[in-house]
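What follows draws every value from the coordinates through simple rules; no lab data is involved. Computed from a predicted model, the values in this text were never measured in an experiment. As a convention, Cβ positions derive from the backbone with ideal geometry for all residues, glycine included, and neighbour counts pool all protein chains shown.
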Amino acid sequence: MTRAWAVLFAALSLASCDERGRPPANPAAAVPAPARTADAGQLARGAEVYRTHCAVCHGSRAQGAPNWQKPGPDGRYPPPPLNGTGHDWHHPSAALKEVIRNGTQRIGGSMPPWRDKLSETDIEAVIAWFQSTWPDEIYRAWADIDRRASGSRQSR
């Protein structure tokens, strides 16, 4: 299953970005971003979960660690930004939830698993919160990735 996620991540990442990691220029960009469905309560819960559990590594404004694109002395990459300037938006909902639930330590990363500390509601809230920091262009590109991934999961 982990290998399947890795292949999905790579394919979606390569198919949906230009060389700077941004969504490709698209004439459809004039189309409004899909509605963001999080309500004020979910965003407030997400902000609290983020402050309590995520900010220490990913930064108080979800900006990520300095030099997050370069491995540290231990060969591991520092925590990336979650504000839409990193690769967070390249991953569909299921993948974001998987990473938060199970962390990245088993695949060579340093993020611990949160499955025993955060409920599914907390995980969904924190994702909604950091997605609320994304510009519409990024959210639109992510929504397209998520829609395509959801369609491919349903067709199995």
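Starting from 0 in steps of 5 Å, tell me what percent of the Cα-Cα pairs of region 40-154 lands in each bin. Per 5 Å bin, starting at 0, the Cα pair percentages come out as 2, 12, 20, 25, 22, 13, 5, 1, 0. Between Arg147 and Thr104, the modelled labels are 2.8 nm apart [label points 7 Å from Cα along Cα→Cβ].
Scalar couplings 3J(HN,Hα) for region 57-66, obtained by applying the Karplus form with A = 6.51, B = -1.76, C = 1.60 to θ = phi - 60°, are 9, 8, x, 5, 10, 6, 7, x, 6, x Hz; x denotes Gly and Pro. An oblate overall shape is assigned to region 28-72, the ratio a/c of its alpha-carbon gyration tensor axes (a ≥ b ≥ c) being 1.5 or greater and a/b not exceeding b/c. What the phi angles of region 104-118 give under the Karplus curve with 6.51, -1.76 and 1.60, with θ = phi - 60°, is a coupling list of 10, 4, 5, 10, x, x, 10, 6, x, x, 10, 4, 8, 10, 10 Hz, glycine and proline written as x. Summary of the geometry: region 102-156 and region 44-75, compared by the centres of their Cα atoms, lie 15 Å apart.
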